[in-house]
Amino acid sequence: MVHLYNEMGLQPSVSSEIVEIISKNKEGFLKIMMIEELQLIAGEENPFTNSLVTFFSFALFGFMPIVPVVISKAGGSDEVG
């Protein structure tokens, strides 16, 4: 993180001091590191909604390879292809 602050134009001694102060609070340090170094922003996502989207995507795309078989059986044909 010192390197990031140096790139922002701060002097190395100031950068080191900032990182030393911030690192005393582990939770805050992790949040700052996620945002500044990894460029990740924690979102307020709903796990239930995510699970529903995953399930229906799996069901839809998992069913696609079977569609020709279902259509041929519905049409009365015994052969596929």
Scanning the stretch 47-76 residue by residue, those modelled with pLDDT under 90 and touching a helix residue (DSSP H, G or I) at 6+ places or on another chain (Cβ under 9 Å) turn out to be VAL70
Qualifying residue in the stretch 18-29 (condition: assigned to a helix (DSSP H, G or I) and hydroxyl-bearing (Ser, Thr, Tyr)): no
Of the listed residues (GLU45, GLU37, GLU7), the one being of a type in the set (Asp, Glu) and surrounded by 10 or more Cβ atoms within 10 Å (Cβ to Cβ) is GLU37
Within the stretch 4-21, residues in contact with a helix residue (DSSP H, G or I) (Cβ under 7 Å, 6 or more places away or on another chain) and free of Cβ contacts under 8 Å to residues at least 12 places away in the same chain come out as ASN6, PRO12
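The values are calculated or read from the model by the stated rules, or taken from the named source; none is laboratory data. None of the values given here were measured: they were computed from a predicted structure. Here Cβ is always computed from backbone atoms with ideal geometry, including for glycine, and neighbour counts include all displayed protein chains.
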